[in-house]
Amino acid sequence: MIRKGDTLLFDAPPTVAAWAAAGGKKESEGPLASAFDFVTQDAGFGEQGCENWEQAESILQRKAAELCLRKADTPRTKVDIVFAGDLQAQCTASNYTMRELGVPFAGVYGACSTMAETLGLAAAFAASGMAERAMALTSSHFCAAERQFRTPLEYGAKRTPTAQWTATAAGACLVRAHGGQGVPVLSVTFGRVQDFEVHDINNMGAAMMPAAASTLLRYFAATNTRPQDFDAIFTGDLGEVGSALLREQMAKEGVPLDNHQDCGCLLYDTQGQNVQAGGSGAGCSAAVLCCKILPMLAAGQLRRVLFMATGALMSQTTFLQGESIPGIAHCVELGGAV
Amino acid sequence: MKLDPKQYDEMVNRASPPSPVVRDCVWAFCVGGAICTLGEGLRQLFLIWYDKTLAGTLTSIALIFLAAVFTLPGWYQKLAAKAGAGTLVPITGFANSVVSPAIEFKAEGWVTGVGAKIFGIAGPVIAFGTLASFVWGVIYWLLGKVG
Amino acid sequence: MNYVWAFVAGGLICVVGQLFIDYTKLSPARILTGYVVAGVILSAVGLYKPLVDFAGAGASVPLLGFGHLLAQGVQNAVDECGLPGAFTGGLTAASGGIAASLIFGVLAALVGKSKDQN
């Protein structure tokens, strides 16, 4: 393992041995519907006696974790550590999931960037020999996020065109130390917080774009690569507005992105599903990773990609206090299946 | 990075699609107008039996009741997603802002959830409305003393 | 004719609110608060009562009308009992609407459940 700039390069790359995604109703009506391992039409899990949205998110997250372990044919006792996070205050969705799983657990908060953050940490642990099997796990739930960050679900309000829709989804990846089958994690770049004084809570894509551009530029500089070296560059949850801004900025930096796609625009049909500028939430990029990116790498349809999830790191309190919205972006480089 | 906050602000404004103002206003006008017309119908009905003040109060109560009924199955939220200010500005919007947290925060208990959060959105309206009326009351009283 | 003016006046007051939503960064809560305070002021300077007389529910149903109600209530109470009326008049006049919202809200919480927005 060597470090170049902010990028950790794995000479003996760990592999993503198995992955699974769980989603709700809107996700089951989107372009990636058939790729989910589990979808529910009742995201409240009322039939299972679930009483609130926070609990429902935990159930969804646990489904993803259990399905991932089943696909890997690995009992939970063989998992050395789980890095998990979500959008709820104090990351309670993950805490209650991990209460059931009973595996060593490190809670992670990176807002919508959590999937890349947990995957990066899991890969670093597996690459350095500190874990044989490490899991990355994240979720978000539209209803839990809405009642915590915005307004009650029955409250009538119009969404602005730049707003994004929090995905009801969870994703899990099991990372194994070098040597096994799966999709190799070639490098990880943890981002630096960027704040360009965006205050509009309904325009998260714009708030997170500078972080995405900054991490990408640092990665390209450190590894001496160009966008053309990759089959695709996936950003997590910039949405339509943030994606347009990212392409504009990268062109200005002299590194035009012609192979960029955004998870927020891939999870939903942004024209037909009434999600305004696209999807968001920790579960959004997790679901796209597990439903599209990893399967395509495993099938040989992609050979080298960047998966970079972005997060907006404000809270309701700092927003009300007039603080601007800091953004972060973590980048994971994935290779063709071995 | 070739970017500064001021420059970025302009970039964001250019990249962000504007709200469809004309369509929004047509929706707001039609739905807001319809709610007020319904209110006028109810008022005329109550005027058959009651005086103007009481008929006005009963009209408000009836509209609030209807707003609560429409809020329950999520219809008010669905209408508001299109109608915007058309459902926000009438008294039914005020009712929706009281009923929706009551339903939402039942999960946190009757006292600490429903009781504590029920005026979470409408509270400022009542607070500043009452403050403004107090200020006007004092001025009105002073004007009476002077005049 | 009553109904036509109720529709037009009510609709126009809502359009003004929509313009605030679309052209400013004001949140709905701030717009509503502003409407009520504006209603009190408009009523205090004597501009709102003629509109209510003319457009009926078109002027009384929007939240400006709630402000008007508060201002009228406080005036009546001050007329009746002097300065203490400044404390009691507003909420007394608005009590029907506030209590109705509260009561129907609690009843809704009793029978209803938070639902997904799909």
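Key figures for this structure:
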quantity: Sparse-neighbourhood loop sites, chymotrypsin sites (Phe, Trp or Tyr not before Pro) in region B:21-50 - DSSP loop, at most 12 other Cβ within 10 angstrom; calculated: B:49
quantity: Peptide B:54-61 - average C-beta neighbours from other chains (10 Å radius); calculated: 6
quantity: Convex hull (Cα only) mean projected area of region C:41-118, reported in nm² to one decimal; calculated: 7.5
quantity: Protection proxy ranking, peptides C:1-8, A:174-181, average beta carbon neighbours within 10 Å, highest first; calculated: A:174-181, C:1-8
quantity: Number of partner chain Cβ atoms within 10 Å, mean per residue of B:43-49; calculated: 2
quantity: Burial order of peptide ranges B:89-98, C:62-71 (average beta-carbon count within 10 Å, highest first); calculated: B:89-98, C:62-71
quantity: Expected 222 nm ellipticity per residue - DSSP helices of 4 or more, -39500 (n - 2.57), all of chain B, to 500; calculated: -24500 deg cm²/dmol
quantity: Where A meets C: accessible area buried, both sides, 1.4 Å probe, Å²; calculated: 1000
quantity: Cut-off 12 Å between beta-carbons: net charge of the residues surrounding residue A:325, Lys and Arg +1, Asp and Glu -1; calculated: -4
quantity: 10 Å Cβ neighbours from other chains, averaged over peptide C:78-88; calculated: 4
quantity: For chain A: relative contact order, % (alpha-carbon pairs under 8 angstrom, 6 or more apart); calculated: 25
quantity: Accessible surface, per residue, of chain B when the full set of protein chains is kept, probe 1.4 Å, Å²; calculated: 47
quantity: Prolate/oblate/rounded label for region A:206-252 (Cα gyration tensor, a/c 1.5); calculated: prolate
quantity: Evaluated at q = 0.16, 0.23 Å⁻¹: base-10 log I(q)/I(0), Debye formula over Cα of region C:74-115; calculated: -0.52, -0.70
quantity: Cα-based equivalent ellipsoid, region A:185-268: semi-axes from gyration tensor eigenvalues, Å; calculated: 20, 15, 12
quantity: Centroid-to-centroid separation of region A:111-182 and region B:12-91 [C-alpha atoms, Å]; calculated: 39
quantity: At least 27 Å along the helix axis (C-alpha) and Kyte average at least 0.0, DSSP helices within chain A; calculated: A:204-223
quantity: Partner aspartates and glutamates for residue A:78 [C-alpha distance under 20 Å; skip if fewer than 8 residues away on the same chain]; calculated: A:66, A:100, A:132
quantity: Local electrostatic count at residue B:3 - Lys and Arg +1, Asp and Glu -1, tallied over other residues with Cβ under 13 Å; calculated: -4
quantity: Fraction of accessible area attributable to carbon and sulfur, chain C (%, probe 1.4 Å); calculated: 72
quantity: Sequence-separation-based contact order of chain C, relative, with Cα cut under 8 Å and 6+ spacing, percent; calculated: 21
quantity: Neighbour cut-off at most 16 other Cβ (10 Å), DSSP loop, trypsin sites (Lys or Arg not before Pro), region A:248-325; calculated: A:303
quantity: Total formal charge among the other residues, if their Cβ is under 11 angstrom from that of residue A:25, Lys/Arg +1 and Asp/Glu -1; calculated: -3
quantity: Where trypsin sites (Lys or Arg not before Pro) fall in DSSP loop in region A:3-41, at most 12 other Cβ within 10 Å; calculated: none
quantity: Total lysine pairs whose alpha carbons fall under 28 Å of each other in region B:30-147 (8 or more apart, or interchain); calculated: 5
quantity: Cα-Cα P(r), the protein assembly as shown, percent of pairs per 10 Å interval; calculated: 4, 17, 24, 21, 15, 10, 6, 3, 0, 0
quantity: Chains A and B, summed buried accessible surface - 1.4 Å probe, Å², nearest 100; calculated: 2800
quantity: Helix axis angle, B:52-71 relative to chain B longest principal axis, alpha carbon, degrees; calculated: 40
quantity: Total accessible area lost when C and B pair, probe 1.4 Å, Å² to nearest 100; calculated: 5500
quantity: Theoretical ellipticity at 222 nm over chain A - DSSP helices of four or more residues, -39500 (n - 2.57) apiece, nearest 500; calculated: -9500 deg cm²/dmol
quantity: Computed log₁₀ I(q)/I(0) - Debye formula, equal Cα scatterers, no solvent, chain A, q 0.10, 0.11, 0.13 Å⁻¹; calculated: -0.50, -0.61, -0.88
quantity: By average C-beta atoms within 10 angstrom, highest first, the peptides B:139-146, A:131-138, A:116-123, A:190-197; calculated: A:116-123, A:131-138, A:190-197, B:139-146
quantity: Percent RCO, i.e. relative contact order, over chain B, from Cα pairs under 8 Å lying at least 6 residues apart; calculated: 19
quantity: Accessible surface, per residue, of chain A when the full set of protein chains is kept, probe 1.4 Å, Å²; calculated: 34
quantity: Carbon and sulfur %, accessible surface of region A:91-248 computed with the full protein complex present, 1.4 Å; calculated: 48
quantity: Distance violations [Cα-Cα > 26 Å] among A:252/C:25; A:4/A:252; A:26/C:113; A:252/B:6; A:25/A:158; calculated: A:252/C:25
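The values are calculated or read from the model by the stated rules, or taken from the named source; none is laboratory data. Just so you know, these numbers come straight off a predicted model, no measurement behind them. Every residue, glycine among them, receives a Cβ derived from its backbone with ideal geometry; neighbour counts consider all protein chains shown. These area figures cover heavy atoms from the full protein model, side chains too; ligands, DNA and RNA do not enter into them. Shrake-Rupley method; radii C 1.70, N 1.55, O 1.52, S 1.80 Å.
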